[in-house]
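Scroll down for the structure; my scribbles are underneath it.
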Amino acid sequence: MNLTKIERKRFRVRGKLKKFSSNDRFRLSVNRSTKNISVQIIDDVKNITLASASSNIKELKTQVKTKKELSAIVAEKLAKKAKEMKITKVYFDRGIYKYHGRIKMLAEELRKNGMEF
């Protein structure tokens, strides 16, 4: 089975997370494109998405000037949904992306709003 470079990165990061995952924590998965960012809280035991937030909404795009601001707003939305579901501890799955720039801004904003990872 020949994997691409991106698939190897994804399997490496998620594999390490799943080794240490337990039933009391969920996985917070990040997906980033050139214009948008989306975040999901996933229960790997039941294979369901518990909460999600995305910047792919017209209302957000007209308000925000930079992509970093957009990721901060998405983080606030997800943290608010997680608080309603009483989720505070998660594993941060950055996927194939470096912990830098928009991903770092998203993580810091989630921590400010009460998420632990």
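All of the numbers you see were taken from the coordinates with simple rules; none came from a lab. The structure presented is a predicted model; accordingly, all values stated were derived computationally and were not measured. No Cβ is skipped: glycine too gets one built from the backbone with ideal geometry, and neighbour counts run over all protein chains shown.
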Binned Cα-Cα distances of segment 48-117, short to long, each 10 Å bin given as a whole percent | 20, 53, 26, 1
Under the Debye formula (equal points on every Cα, no solvent term), log10 I(q)/I(0) of segment 1-47 at q = 0.20, 0.24 Å⁻¹ | -0.82, -1.00
By the mean-Cβ-within-10 Å protection proxy, highest first, 71-84, 25-38 rank as 71-84, 25-38
Take the Cα pairs of segment 77-117, get the Kirkwood Rh, then feed it into Stokes-Einstein at 10 °C and 1.306 mPa s and tell me D in µm²/s.
-> 149
Calculated from DSSP H runs of 4 or more alone, at -39500 (n - 2.57) each and per residue, what is the 222 nm mean residue ellipticity of the chain, nearest 500?
-> -13500 deg cm²/dmol
So in segment 5-112, what percent of DSSP beta bridges are antiparallel if you round to the nearest 5?
-> 75
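Is segment 18-75 rounded, prolate or oblate when judged by the Cα gyration tensor, a ≥ b ≥ c being the square roots of its eigenvalues, rounded requiring a/c under 1.5 and prolate requiring a/b larger than b/c? Before the final figure, lay out the partial values.
Numbers: a/c = 3.22, a/b = 2.64, b/c = 1.22.
Prolate is the answer for segment 18-75, as a/c is 1.5 or above and a/b outweighs b/c.
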For segment 76-117 and segment 14-37, what is the separation of their C-alpha centers, rounded to whole Å?
-> 10
For the chain: span of alpha carbons on each principal axis (Å, largest first) = 44, 35, 22
